[in-house]
Amino acid sequence: MAEYKTTVALEIGAQSVTMGVFTPAGKGFALSRYARREILLDPIEEGMRMDYVSSAIAELVTELKVKGSDVRNVVSGQQVFMRFIKLPALDMDNIAEQVGYEAQQHIPFPLDDIIYSYQELPDRGTGELEVLLVAIKKDVLDSLNGQVEGSGLKTRSVDCSITSLYNAFRVSYPEDEEQPVMILDIGAKTTDIIFAEAGRFFTRSVTAAGSFITNSIAREFGLSFREAEKMKIESGMVSLGNGFTDNLPEQEAALATTIRNAMSRLSSEVQRTINHYRGQYKGTAPVKAYICGGGARMPYAVEFLQSTLNLEVEYLNPLAAFSIGSKVDEEALGMDALCLGPIAGAAVSGAGVGEFSIDLVPTSVGKERAELQMLPKVIAGGVIALVGAGVFAFTADSAAADAEKMLKSAQPAVESLEAIAGSIESDKDKYDNSVKSLKELQQQYALRTAYADIIKQISERGASVKYWFTEFVPLVDYDVKSTSLKEVKEAPGNTLINPNKNGKSSAINEVKSENKRGSKTPRITAVYVSGYAVRQPGNDLNVEHHDAVRSLARVQFGQVSADSLFAYEDAELKAKDAHFFKFIDWKAGNKVPKYADKFMMIMPLKTPIPCPEPGIIKD
């Protein structure tokens, strides 16, 4: 049942902090007042981010006069891990426990280090329950919550911007409930691509966003990040080609062209995601796209995306179902509305009318909720104790005389209960052993998608016209830091798959005693991939295409990508290049075509995969 109460909502984005106050209005909400603060940081200043966030929240609390209020927080999609997982069609009575097992396999951090929430998705008749898992690192969430509560607010709930925006969209655009549409939330560090159609939900985030455009401008014009951001905001627009820049001043024309080139990357990523959604998730191609977020305010962004995606594109108004309070400057709200979707969604989910109900609970909030749940029991226990004490004092004398007689009569019953207790203890041991075996089987079952996830991520993020992959080999207990590829001709280390075995024998290599693993279970710690990088015509060095492979590891799979399955660090990549990459050209008799160079690449995994030895799994 809907519960429309005054709601204070706060979104902490990558480059902005937004707060709004929503009040009941009929059978819905009104935006009573709102305010935003931009947090423009050069990447080298990222360590100061929390200080800026704390200051911005304090300013908004004072401006909107909400000190002491409960607040519904929204964190940016860039800070969370989102996974679509499928649960076997077994016992659905304990979904939470099954989700916990899956979270352990899909999130590249120990469960004790993360906070997660989940949402069951509509049944699509596949015989499996599909669940959206949303997780965030505990220290990140607790740090953000500390900034919120340190500014005089009290956290009521924490959602993520993607599901919150989706809730706002569904309330504001009920006419799109049946047709397939797409939402592009163009933020500072990521663009969240959301597909919505009857009975389906899918999302993917890409790094082609506001900061990507700003970095492109900085490189092109030799500016600092701050200078490039200022130029983008004050003079930026997307060139539409076909003589669009002919009448512009030279610098503005060059700027518009640079922005167009960067936006083309976004357009390509969106098209790839549409193809992936259709192919892998059997979804329907969208008939319309809505754009929102700070990046959507770029002049001609709608026209550019409409042309390149060949779709109807329009601005998203997440407040279409909301009334606007008299104190809100409607002129300023015109373009700001593009950035208010997450806080509007927080009000929707707070009223209990949102399709998603994600709640990432900070440590301090979790403890407080547990204490509140225990309070009625503590009070009841105290009352019972007081009543019992009174009764005992009143009847102590008379009860003493009957005590010995009662003990004698109860002795046979006690002996019978002791026998039953022994039987229960034996059955409990059997039950505990069965639970232990079940957990082991569930963990093995969860590993079924480990390689699929790896190959899927490589396929999605590694598509390029500059290179292609031809080989994928998991590596057992491979130490990338001490092994160079300079002398390696084939896949190094002890591989899980032995390509020399025929179909009549096991494909799993035996773990040899000279590896000195002792009792330690072997693990897949890295994967080896090889392929070919297209040669640059007339360029024997091929620096550009070799660097494209290195950039693939650093940008798409490196530490800047929070949901990467791989453990690349910039410092290691630079210091030990030969441990990660090797290039072989067509010279010196190598069996490599003249139009390409072969490359070998080691991809260390964030979370090693257990590698069962032959004979471990028995019938």
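Take peptides 11-17, 426-432 and line them up by average Cβ neighbours within 10 Å, highest first, as a rough protection proxy.
Averaged packing, sorted descending, gives the order 11-17, 426-432.
Take segment 32-189, compute every pairwise Cα distance, and split them into 10 Å bins from 0; I just need the percent in each bin.
Values per bin, smallest distances first: 8, 29, 34, 21, 7, 0.
Scan around Y315 for amide H atoms under 5 Å from its own, H built in the peptide plane at 1.01 Å from N, and keep only partners 5 or more places away or cross-chain.
I291
Are there chymotrypsin sites (Phe, Trp or Tyr not before Pro) in segment 270-364 that DSSP puts in a loop and that have at most 16 other Cβ atoms within 10 Å, and which ones?
Y281
Take the Cα atoms of segment 89-182, find their three principal axes, and give me the spread along each one in whole Å, biggest first.
Cα spread of segment 89-182 along its principal axes, largest to smallest: 46, 36, 23 Å.
Can you check what the Kirkwood hydrodynamic radius comes to for segment 100-241, Cα pairs only, in Å to one decimal?
In segment 100-241 this quantity evaluates to 18.6 Å.
Report ³J(HN,Hα) in whole Hz for each residue of segment 31-39, in order, from the Karplus equation J = 6.51 cos²θ - 1.76 cosθ + 1.60 where θ = phi - 60°; Gly and Pro get x.
With coefficients 6.51, -1.76 and 1.60, one gets 7, 6, 6, 7, 7, 9, 9, 7, 10 Hz.
Using DSSP to define loop residues, name the trypsin sites (Lys or Arg not before Pro) in segment 15-90 whose beta-carbon has at most 11 other beta-carbon atoms within 10 Å.
Of the trypsin sites (Lys or Arg not before Pro), the ones in loops of segment 15-90 whose Cβ has at most 11 other Cβ atoms within 10 Å are K27, K65, K67.
Short version: ³J(HN,Hα) in whole Hz for each residue of segment 41-50, in order, from phi by Karplus 6.51 cos²θ - 1.76 cosθ + 1.60 (θ = phi - 60°), x for Gly and Pro, what are they?
10, 5, x, 6, 9, 4, x, 8, 4, 4
What list of ³J(HN,Hα) couplings, whole Hz, do you get for segment 53-58 from phi and the Karplus terms 6.51, -1.76, 1.60, once you set θ to phi - 60° and write x for glycine and proline?
In residue order, the calculated couplings are 4, 4, 5, 5, 4, 4 Hz.
What number, in nm² with one decimal, is the all-direction average of the projected area of the convex hull of the alpha-carbon atoms of segment 171-297? Can you show the working numbers first?
Details: hull surface 35.4 nm².
Directional mean of the projected Cα hull area for segment 171-297 stands at 8.9 nm².
For segment 241-384, what percent of Cα pairs sit more than 25 Å apart?
Percent of Cα pairs beyond 25 Å in segment 241-384: 56.
Go through K5/K86; K154/K232; K574/K598; K137/K598; K230/K466 and tell me which ones have a Cα-Cα distance over 28 Å in this structure. List each step's numbers first, then the result.
Working: K5/K86 36 Å; K154/K232 37 Å; K574/K598 20 Å; K137/K598 38 Å; K230/K466 33 Å.
Flagged as over cut-off: K5/K86; K154/K232; K137/K598; K230/K466.
Residues with amide H under 5 Å of K606's amide H, sequence separation 5 or more or different chain, H placed in the peptide plane at 1.01 Å from N; which?
F566, A567
Every number in this text was worked out from the coordinates using simple rules, so none of it is lab data. Worth saying up front: this structure is predicted, and the values here are computed from it rather than measured. Reconstructed Cβ throughout: ideal geometry from the backbone, glycine too, with neighbour counts over all protein chains shown.
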